[in-house]
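Peer 1: Structure below; questions to follow.
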Amino acid sequence: MNPVIHTGPAVRTTDPQSTDASRAGTLVGALVRLARPEQWPKNVLVVCVPLLDPLSWNGTALANLGGAIAAFTLASTLVYVLNDLVDRRRDAHNPGRWHRPLASGRVTPPAAVLFAAAVAVLLVGVLALQAVTTVWPVAGYLLLNVAYSLGLKHVPLLDVFLVATGFVLRLVYGYLATGATIPGWLLTAVFTLCLLLTLGKRRQELHSTGVVHRPALRGYTVPLVDQLMQLSATLTAGCYLLYLRDEAPLGDYASTALILLTPMAVFGLFRYLQLVLVHNAGGSPVRVLVRDPALVTNTVLWAALSGVLLLAARGQW
């Protein structure tokens with residue numbers, strides 16, 4: 001006698017609720033990627049440069065720096081969203097950027113606009129807690145990058161100057177937040193260093209993607225970028241040495257700092273030029289700076305020695 005086999009309705013293998021949750025999780029992950037958290041360390045490093053002044057080592061200054069970092073992180077997120085919205089079609093055909101959330105379609109333009117609106121609300125809330133006279137660099141940064149995203153980034157030479165100016169505004173904001181005097185030579189050194197890093201990125205783009213994906217590259221050649229990078233590196237080294245000699249808050253230790261820190265600063269510039277000009281590794285300056293063992297070791301030693309000298313100068317005062 002054959003057993004009776006009961007056949008019922010087909011079993012649903014996918015739970016609608018779990019599918020919706022999965023989609024929501026995917027969207028949240030894509031929005032996080034849209035904010036580019038891997039770029040946030042730039043805000044921390046540049047805004048915190050005023051900590052080179054021992055007089056800014058107090059609770060109020062640290063709290064203000066925390067607010068400045070939060071403000072520029074939110075402002076830079078807005079800029080990234082705007083830039084990706086404007087360039088989503090071009091990025092979709094770029095072998096190095098097609099995977100970005102908007103270019104790949106994982107985030108729709110309306111969703112990106114809503115996300116940007118939420119970030120803008122948070123930014124206004126953070127700025128409202130700070131003195132009105134100190135927040136103008138954030139407004140300047142946003143206006144600068146709106147103009148950059150809407151067309152100025154396609155103008156050769158001007159594009160790298162605008163990127164470097166954005167970092168200078170971060171630095172100025174940090175000094176305004178702490179109330180410390182802005183050192184002119186250090187400001188110039190940061191500007192020329194950012195020119196160097198941005199030019200390194202343009203050089204890599206000339207090799208990998210070409211002018212189709214970045215129209216401003218029509219105004220560059222590899223030999224021109226190489227010369228501009230060498231000039232920027234020279235200016236960076238010179239301005240940093242003048243900062244150590246004339247403006248650094250090192251008291252009687254200024255001469256010692258000049259002797260000990262100069263080789264480290266020059267080696268860091270040499271190593272970056274080597275990585276870009278020899279190994280074509282300038283595509284992501286942040287990745288180069290934090291992953292190259294020689295650069296990381298040199299930076300750690302430079303930071304440790306600078307900290308010891310600053311502590312000695314603070315004790316002297």
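Peer 1: Considering region 82-104 alone, what residues qualify as being open to solvent by less than 40 Å² (accessible area, probe 1.4 Å) and under 24 Å from Leu123 (Cβ atoms)?
Peer 2: Matches in region 82-104: Asn83, Asp84, Leu85, Asp87, Pro101, Leu102.
Peer 1: Out of the residues in region 191-231 meeting the condition of being hydroxyl-bearing (Ser, Thr, Tyr) and touching a residue at least 60 places away in the same chain (Cβ under 8 Å), tell me which one is most open to solvent (accessible area, probe 1.4 Å).
Peer 2: Ser208
Peer 1: Something else: Of the residues Ala180, Ala189, only one is within 30 Å of Thr60 (Cβ to Cβ) and either modelled with pLDDT under 90 or touching a strand residue (DSSP E or B) at 6+ places or on another chain (Cβ under 7 Å) (or both); which?
Peer 2: When all the criteria are applied, what remains is Ala180.
Peer 1: Quick one: is Leu129 touching a residue at least 12 places away in the same chain (Cβ under 8 Å), surrounded by fewer than 21 Cβ atoms within 10 Å (Cβ to Cβ) and touching a Pro at 6+ places or on another chain (Cβ under 7 Å)?
Peer 2: On the way: touching a residue at least 12 places away in the same chain (Cβ under 8 Å): yes; surrounded by fewer than 21 Cβ atoms within 10 Å (Cβ to Cβ): yes; touching a Pro at 6+ places or on another chain (Cβ under 7 Å): no.
When the stated conditions are applied, Leu129 does not pass them.
Peer 1: Among the residues of region 74-116, which ones are aromatic (Phe, Trp, Tyr) and under 15 Å from Gly29 (Cα atoms)?
Peer 2: Phe115
Peer 1: Right, here's the next one. Condition first: in contact with a helix residue (DSSP H, G or I) (Cβ under 8 Å, 6 or more places away or on another chain) and open to solvent by 50 Å² or more (accessible area, probe 1.4 Å). Now tell me which residues in region 63-81 satisfy that.
Peer 2: Across region 63-81, the qualifying residue is only Asn64.
Peer 1: Can you tell me which of Arg245, Arg314, Arg291 is among the charged types (D, E, K, R) and touching a residue at least 40 places away in the same chain (Cβ under 8 Å)?
Peer 2: Of the residues listed, the single one that is among the charged types (D, E, K, R) and touching a residue at least 40 places away in the same chain (Cβ under 8 Å) is Arg314.
Peer 1: Here is a further query. Looking at region 268-308, which of the residues that are among the charged types (D, E, K, R) and part of a helix (DSSP H, G or I) is farthest from Lys42 (Cα to Cα)?
Peer 2: Residue satisfying both the conditions and the ranking: Arg271.
Peer 1: Next question, about the same structure. If only one of Tyr148, Tyr141, Tyr173 is aromatic (Phe, Trp, Tyr), over 19 Å from Val47 (Cβ atoms) and buried (at least 18 other Cβ atoms within 10 Å of the Cβ), which one is it?
Peer 2: Checking each option against the conditions leaves just Tyr148.
Peer 1: Would it be correct to say that Tyr272 is hydroxyl-bearing (Ser, Thr, Tyr) and touching a residue at least 60 places away in the same chain (Cβ under 8 Å)? Please lay out each step first, then the result.
Peer 2: On the way: hydroxyl-bearing (Ser, Thr, Tyr): yes; touching a residue at least 60 places away in the same chain (Cβ under 8 Å): yes.
Considered against the rule, which asks whether it is hydroxyl-bearing (Ser, Thr, Tyr) and touching a residue at least 60 places away in the same chain (Cβ under 8 Å), Tyr272 comes out as yes.
The values are calculated or read from the model by the stated rules, or taken from the named source; none is laboratory data. Given the structure is predicted, the values throughout are model-derived calculations rather than measurements. Ideal geometry is used to build each Cβ from the backbone, glycine not excepted, and the neighbour counts take in all protein chains shown. Keep in mind that these areas ignore ligands, DNA and RNA; they rest on the heavy atoms of the full protein, side chains included. Shrake-Rupley method; radii C 1.70, N 1.55, O 1.52, S 1.80 Å.
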